[in-house]
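Before any comments, here is the structure.
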Amino acid sequence: MQHETVIVLDFGGQYNQLIARRVRECGVYCEVKPYTTPLADLLAMKPIGFIFTGGPNSVYLEDAPHVDPALFDAGVPVLGICYGCQLMAHVLGGKVSTCITSEYGKTETEYDKSCVLFGGVDGMPEKAVSWMSHTDYVSELPAGFRAVAHTENCPVAAMENKEKKLYAVQFHPEVNHTQYGVKMIDSFLKNV
């Protein structure tokens, strides 16, 4: 039987295995691969989606982990988490800056329910708690994106390019502290 495979691309985040576990809990097969895996090898696995993990680096530093920009034109949906969110913005022409006020821990977040990540979740309110852990943030959206969540200190807590099926969240939906987080992952897997 052919698996529908999601690739979790690891950028050195502490939650990479937890993300993979959440995807499997949602009933979808996935594999964790290092970000250095050549794009041709990743696409040869015929993934139905990519999830980028967090990581300890700043995307604008020379030695920061990167990804082949062609990945975003491969027609495969992507969900970027934390560093993965910033990387997506950076590679696609947005701007990532150092936070004036870093966010760490439980943070009240306001969600735009017209975004499939949040609107596809039964009973999810417009405001809920997310788990933040970042010192950088997306200060300018890439072309074609719109912000779909924000906090008091983070204007882009989530962003989407619906046309290209590119989604990104600054917070960690895979941890228990993020209310409805696993359901957001499930919505990406099933609805995107």
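In loop segments of the range 3-66 as defined by DSSP, the GluC sites (Glu not before Pro) with at most 15 further C-beta atoms inside 10 Å of their C-beta are Glu4, Glu62. Computed from Cα atoms alone, the Kirkwood hydrodynamic radius reported for the range 27-147 is 16.0 Å.
Per DSSP H run of n ≥ 4, the term is -39500 (n - 2.57); total these for the chain, divide by its residue number, and report the mean residue ellipticity at 222 nm rounded to 500 deg cm²/dmol.
Numbers: 5 runs with 40 residues, N = 192.
Taking each H run of at least 4 residues, the total per residue is -5500 deg cm²/dmol.
When a 1.4 Å probe is rolled over the protein heavy atoms, the share of accessible surface on the range 1-136 that falls to carbon and sulfur comes to 49 percent. Comparing Ser58, Ser114, Ser102 in a Gaussian network model of the chain where C-alpha atoms under 10 Å apart are linked, the largest mean-square fluctuation is found at Ser114. Highest mobility in the GNM of the chain, judged by mean-square fluctuation with C-alpha springs under 10 Å and restricted to Gly54, Gly93, Gly181, is found for Gly93.
In terms of distances greater than 24 angstrom between alpha carbons, the cross-link table entries Lys33/Lys106; Lys106/Lys164; Lys127/Lys164; Lys46/Lys95; Lys46/Lys162; Lys113/Lys164 yield Lys33/Lys106; Lys106/Lys164; Lys127/Lys164; Lys46/Lys95. A simple charge model with +1 on the Cβ of Lys and Arg, -1 on the Cβ of Asp and Glu and nothing else charged puts the dipole of the chain at about 400 debye relative to its Cα centre. The chymotrypsin sites (Phe, Trp or Tyr not before Pro) of the range 58-136 that DSSP puts in a loop, and whose beta carbon has at most 13 other beta carbons within 10 Å, are Tyr60.
The values are calculated or read from the model by the stated rules, or taken from the named source; none is laboratory data. What you see is a predicted model; the values in this text were computed from it and never measured. Heads up, the Cβs are rebuilt from the backbone with ideal geometry, glycines too, and the neighbour counts pull from every protein chain shown. All accessible areas refer to the heavy atoms of the entire protein, side chains included, with ligands and DNA or RNA removed. Shrake-Rupley method; radii C 1.70, N 1.55, O 1.52, S 1.80 Å.
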